[in-house]
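Written below as structure tokens is the structure these notes are about.
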Amino acid sequence: MSEHTVRVAAGSAIAPHLSAGAVICLGPGVHVESLSVEESVTLRGEPGAILDAGRRGPVIAVGVDGVVVRVETLTLRNGAGEAGGGVRLSGWSEVILDRCVVEGNEASLAGGGAGGGIYLHRGSLTLLDTDFRDNHARSGTDLHVTGAARAEARGGRFGGDIVVSEGAELTLVGSHVVGALSARGTTTRAPSVTLRGTRIDGGVVNDPNLPASVVVENG
Amino acid sequence: MLQHATRPPTRGRQATPEAEEAQGVRPDKQSRLGNAAVAGRAGVGQTEGAQAASSISNDELSSWLGGDEEQRPAMARGDGVGPQRPSKVSSGTFGALVGDKDTVELTQSADGTGEKISLPDGSPCKVLEVKGDRVKVEVRQGKDKKSGWALASVFTDQPALNRDDEAPGLKDDFIYAKQKGDHSPVDPKGKDTAQGALGDCYFIASMAAVANASPQSIKEAIKYNKDKETYTVRFYEEQYGGQAKAVYIEVDAYLPTVQGNRNDPAYAGEPGGKLWPAIMEKAYAKWKGGYEAMGNGGYGAKAMGEITGSKSAEKSPRSMKEEEVIPYFEKAKKEGGAIYAAVEHSRKSDVQTPFTGSGDQVSGTVTHGHRWNHIVPGTMKISDKGGKMKGTVTDSGREGDPSSKLSGSAVETGSIDYKKNLADMKFRAGQGPAKPADLELRFDYQGCVNPEKLLVANHAYAFEGVVNGKELQFYNPWGTWQPKPITPAEFLKHFTNISVNKAPSGATKS
């Protein structure tokens with residue numbers, strides 16, 4: 001996989017540049033596109049760069065296995081889908097959001113909707129100083145981690161709620177969650193949550209019938 | 001935002017226009033704890049690795065009742081084996097009260113004395129407290145919650161119902177009732193599925209898609225246990241790394257039914273129709289923590305994988321050209337793929353001046369073109385183009401709310417009923433607009449993406465086939481409002497994702 005850099009100005013299509021190893025620098029302004037990423041790429045936003053899905057699907061969807069998608073200094077907004085309006089990770093891949101903003105995204109289907117900002121049921125997600133605001137979903141307005149997925153956030157502010165379910169794992173280090181963090185297992189497995197130096201204004205909702213492992217290390 | 005139209009128009013409720021536009025609800029924030037309350041590890045292992053509870057044995061029952069078997073009521077209503085009873089009951093557990101008569105009785109005191117409440121047999125409940133051989137339960141009675149004590153032996157293990165759209169503080173007003181006979185699938189088809197009063201179209205469409213492509217997968221997944229009159233449903237749980245592990249969930253033949261008709265399933269299923277989808281839905285709900293948990297949201301690609309054990313392949317219609325659409329579907333179907341597709345969100349914005357009234361009191365009805373459409377909660381913004389009213393008025397509704405306050409510095413009281421599209425405001429003295437027509441309302445709405453083809457926004461469909469080599473036929477998991485065949489251009493315009501799941505070889509339709 002050879003690394004190559006391309007700059008895309010607002011108004012030009014990003015999808016044709018999503019080849020393995022590409023580092024795609026997005027110029028300032030609004031890039032209206034819903035991306036389905038199938039190769040290892042880096043999307044790097046220049047100051048003022050916004051990736052806007054125009055509610056025509058998730059902003060970024062990763063459904064394949066074995067790729068690493070890195071997103072830096074970019075605002076992901078106006079995504080919409082049945083799960084994961086901003087980012088949907090449904091493959092055994094890795095997604096990293098570094099200093100991004102995930103805002104105004106929505107997950108909705110049949111009266112439900114999981115992960116307005118981000119949804120994943122496979123693979124791993126790393127959030128570095130990434131903020132969430134004004135995302136909407138019935139379950140996990142900002143983030144829903146489920147299945148056997150793993151997610152870790154370092155820093156960052158979640159303006160809404162987080163849900164961790166089934167056998168998923170979530171670690172929050174030095175983050176601030178304005179809403180609640182809900183953890184719920186199934187009759188066959190329990191999710192695992194680790195909180196280090198993290199503030200959760202809405203508290204932790206741990207279903208007594210299908211409890212999760214919640215470890216708090218705020219000392 | 002939650003869709004009015006993503007629940008079936010007439011399933012599980014009265015068939016009125018109001019019911020057709022029923023909204024769902026926000027998550028039930030049960031058992032909310034502060035950070036301090038969860039320091040350390042919280043209760044792991046109680047359910048981990050556990051399978052669904054099976055019917056209680058006589059020994060277990062005797063032990064549970066403290067050996068006082070005389071207090072044990074008959075376990076069935078004379079129509080065969082009774083429901084599943086848990087080996088132990090703990091507070092916070094959901095279930096239903098099933099005895100041997102048409103009604104079950106609660107008393108105000110744990111010793112069986114005090115005021116009595118009579119409930120229909122099969123009433124759903126939540127256990128609040130356990131004392132000896134009795135349980136204190138919370139039940140719904142009409143539009144209220146009531147609590148009282150019942151014999152623990154009438155408590156049955158059932159998935160918690162969904163929260164009532166029209167009374168968000170309550171669970172649905174349905175009754176668990178036994179559906180006699182063997183309802184395991186014989187010749188399953190996608191058309192057997194019919195979504196009920198639950199926002200789980202992702203799961204219903206997944207069952208339909210798998211049944212269309214691989215009926216054997218459905219047949220093999222549901223086993224009827226004649227002696228116990230229960231069903232064991234097999235799902236697959238994907239582990240980290242991708243391997244699928246089979247899980248077996250046992251459920252009895254008691255289904256939530258509409259008040260007044262114990263043969264009309266409230267969620268999946270129709271009276272007189274095939275009930276295997278309702279059995280499978282119930283098992284999925286039990287596995288995932290209740291009907292509400294499964295109705296909160298899901299993902300079709302994942303659900304199909306949980307039914308077949310195979311990973312779904314996903315594709316974005318954005319990456320397809322018009323001429324590629326028909327060959328893609330034909331190939332996927334020929335290869336035995338169960339095909340699931342979801343329709344876009346379709347949110348649109350509008351500006352209206354709907355208000356009339358006098359003095360400081362105004363009201364107005366918002367319109368949005370099609371009865372399947374509805375206001376997106378949280379998007380309303382009212383301003384005074386005449387400039388007299390200070391600031392703006394906004395709604396604060398969220399997904400599933402039936403109504404919301406309208407708030408602003410000039411407003412004394414205000415509300416929006418999202419189902420009736422009716423907004424009311426009373427302004428603080430002298431702070432309203434010069435005239436109601438000056439109030440300009442901006443809002444988003446959504447619901448119907450293509451009225452001619454009957455395509456509903458935010459909805460999942462199961463693919464059925466290619467029609468005349470040039471159009472696609474989808475199945476609406478409502479079981480009604482079936483879409484007309486759509487062209488490749490319409491597919492690319494309205495659908496946002498496709499998932500294809502190929503069942504393991506040997507299970508596909510020949």
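The values are calculated or read from the model by the stated rules, or taken from the named source; none is laboratory data. The model shown is predicted, which means the values in this text are computed figures rather than measured ones. Quick reminder, even Gly has a Cβ in these numbers, built from the backbone with ideal geometry, and neighbours come from all protein chains shown. To get the accessible areas, we keep the full protein, side chains included, count just its heavy atoms, and leave off ligands, DNA and RNA. Shrake-Rupley method; radii C 1.70, N 1.55, O 1.52, S 1.80 Å.
For this structure, a couple of remarks:
- Filtered by the rule that a residue be in contact (Cβ under 8 Å) with a residue 40 or more places away in the chain and in a strand (DSSP E or B), segment B:127-151 gives B:V130, B:V135, B:V137, B:V139, B:K146, B:S147, B:G148, B:W149, B:A150, B:L151.
- Residue match in segment B:212-234 (condition: within 18 Å of the chain's Cα centre (by Cα) and modelled with pLDDT of 95 or more): no
- Tally, over segment B:320-335, of residues that are within 14 Å of chain A (Cβ to nearest Cβ) and surrounded by 14 or more Cβ atoms within 10 Å (Cβ to Cβ): 1
- Scan of segment B:197-221 for residues that are touching a helix residue (DSSP H, G or I) at 6+ places or on another chain (Cβ under 6 Å) and away from chain A (no Cβ under 14 Å), ordered by number: B:V210, B:A211, B:N212, B:S217, B:I218
- Checked against (1) away from every other protein chain (no Cβ under 13 Å); (2) open to solvent by less than 10 Å² (accessible area, probe 1.4 Å); (3) more than 12 Å from the chain's Cα centre (by Cα), A:S108 passes all but condition (1).
- Any chance B:E281 is part of a helix (DSSP H, G or I), within 14 Å of another protein chain (Cβ to nearest Cβ) and open to solvent by 10 Å² or more (accessible area, probe 1.4 Å): no
- Residue check, B:L255 open to solvent by less than 50 Å² (accessible area, probe 1.4 Å) and in a loop (DSSP other than H, G, I, E, B): no
- Unique match (being in the same structural domain as B:I222 (by TED's automatic domain parsing) and part of a helix (DSSP H, G or I)) among B:A293, B:A332: B:A293
- Any chance B:K245 is in a strand (DSSP E or B), without any contact (Cβ under 8 Å) to a residue 60 or more places away in the chain and within 9 Å of chain A (Cβ to nearest Cβ): yes
- Among the conditions (1) surrounded by fewer than 20 Cβ atoms within 10 Å (Cβ to Cβ); (2) over 26 Å from B:E270 (Cβ atoms), B:F491 misses just one, which is (1).
- Matching residues, segment A:35-94, being closer than 25 Å to A:H4 by Cα, open to solvent by 10 Å² or more (accessible area, probe 1.4 Å) and touching a helix residue (DSSP H, G or I) at 6+ places or on another chain (Cβ under 8 Å): A:S36, A:G63
- Where strands (runs of 3 or more DSSP E) fall wholly inside segment A:9-88, the ranges with 1 or more residues that are under 18 Å from A:E106 (Cβ atoms) and within 11 Å of another protein chain (Cβ to nearest Cβ) are A:60-62.
- Scanning segment B:376-411 for residues that are assigned to a strand (DSSP E or B), under 15 Å from B:N421 (Cα atoms) and open to solvent by 20 Å² or more (accessible area, probe 1.4 Å) gives B:K381, B:T394, B:S403, B:K405.
- Within segment B:353-375, if we keep just the residues that are assigned to a loop (DSSP other than H, G, I, E, B) and at pLDDT below 85, the residue that is farthest from the chain's Cα centre (by Cα) turns out to be B:G359.
- Yes/no for B:F491 being outside the structural domain of B:H370 (by TED's automatic domain parsing) and not in a strand (DSSP E or B): yes
- Scan of segment A:181-219 for residues that are at the interface with chain B (Cβ under 8 Å from one of its Cβ atoms) and in contact (Cβ under 8 Å) with a residue 40 or more places away in the chain, ordered by number: A:S182, A:G202, A:A212
- Pick from segment B:467-501, criterion among the small types (G, A, S) and either touching a helix residue (DSSP H, G or I) at 6+ places or on another chain (Cβ under 7 Å) or at pLDDT 95 or above (or both), ranking: farthest from B:Y328 (Cα to Cα): B:A489
- B:K348 vs. criteria within 14 Å of another protein chain (Cβ to nearest Cβ), open to solvent by 60 Å² or more (accessible area, probe 1.4 Å) and within 26 Å of A:R55 (Cβ to Cβ): yes
- Within segment A:132-150, tally of residues that are part of a strand (DSSP E or B) and buried (at least 24 other Cβ atoms within 10 Å of the Cβ): 6
So that you can scan it fast, the table gives a plain yes or no per residue for (1) touching a strand residue (DSSP E or B) at 6+ places or on another chain (Cβ under 8 Å); (2) in contact (Cβ under 8 Å) with a residue 40 or more places away in the chain; (3) closer than 28 Å to B:G297 by Cα:
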| site | (1), (2), (3) |
| --- | --- |
| B:F355 | yes, yes, no |
| B:G364 | yes, yes, no |
| B:H368 | yes, yes, yes |
| B:S383 | yes, yes, no |
| B:T394 | yes, no, yes |
| B:R398 | yes, yes, yes |
| B:G408 | yes, no, no |
| B:G414 | yes, no, no |
| B:K420 | yes, yes, yes |
